[in-house]
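What follows is a short report on a single structure.
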Amino acid sequence: ILNVEQSPQSLHVQEGDSTNFTCSFPSSNFYALHWYRWETAKSPEALFVMTLNGDEKKKGRISATLNTKEGYSYLYIKGSQPEDSATYLCAFYGGATNKLIFGTGTLLAVQP
Amino acid sequence: GAVVSQHPSWVICKSGTSVKIECRSLDFQATTMFWYRQFPKQSLMLMATSNEGSKATYEQGVEKDKFLINHASLTLSTLTVTSAHPEDSSFYICSARVEPTEQYFGPGTRLTVT
């Protein structure tokens, strides 16, 4: 059974704080790692699709890194804002399964 | 672009009745759509892969006679929960595949069976 784990489960930070969370996934048969941002009552929004070991992607104040050899990815948010409050999901796409396997998400709450 | 809608956003039904959930790709065509279910504090679990013009492929443990999937056009897939029971109460969400590994999600449907 393929397991994708995210930590922490939830996180409360103050506006302006920088934060990061982790996604760990199987290191074999890796094809892609996805990060999604999911606000309540909205559709999950794709943030990054990462495929190469050592890859680093950035979108505004949000960035992500990827280590496929050890099976983890970090998502960083610099200078958190209240509008960053959401659940951040990662999903592993492996060649053997041909489907996205999701973690349980990290719920981020940014206090103004 | 790449917007997926889902209807209804929430529904309450009585035990034993059937409920249909629609998933539409609004500005693109999708030959493949996916249906997921999420129970509280758990991850999104793939239920089935919906292929336009052919039968859906169900994940292990998902009853195909209970969760009927129809993908009759390139922009619409429907999930019908037949003879719903309280244990079917969950959050159901669909996605449409754009690239081999890229999916765009609908906003989800909260189903409560009383």
Quiz prompt | Relative contact order [Cα under 8 Å, 6+ residues apart], the stretch B:15-87, whole percent | solution = 40
Quiz item: After finding the eigenvalues of the alpha carbon gyration tensor for chain B, what semi-axes result from the square roots of 5 times each, listed largest first in whole Å?
Solution: 22, 14, 13
Quiz item: What is the set of long-range amide H partners of A:Asp55 at a cut-off below 5 Å, with H atoms built 1.01 Å from backbone N?
Solution: A:Leu66
Exercise. Just read off the accessible area of B:Cys94 with the full protein assembly in place, 1.4 Å probe, to the nearest 10 Å².
Key: 0
Quiz item: Residue by residue through the stretch A:7-16, which ³J(HN,Hα) values in whole Hz follow from phi under the Karplus form 6.51 cos²θ - 1.76 cosθ + 1.60 (θ = phi - 60°), with glycine and proline marked x?
Solution: 9, x, 5, 8, 8, 10, 10, 8, 3, x
Quiz item: How many Å² of accessible area per residue for chain B, probe 1.4 Å?
Solution: 50
Quiz item: Here are some pairs, A:Lys58/A:Lys99; B:Lys14/B:Lys55; A:Lys58/A:Lys78; A:Lys57/A:Lys78; which of them have Cα atoms lying more than 18 Å apart in this structure?
Solution: A:Lys58/A:Lys99; B:Lys14/B:Lys55
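The values are calculated or read from the model by the stated rules, or taken from the named source; none is laboratory data. The structure displayed is predicted, hence computed values, not measured ones. Quick note on the areas: whole protein, heavy atoms, side chains included, nothing else; ligands and nucleic acids left out. Shrake-Rupley method; radii C 1.70, N 1.55, O 1.52, S 1.80 Å.
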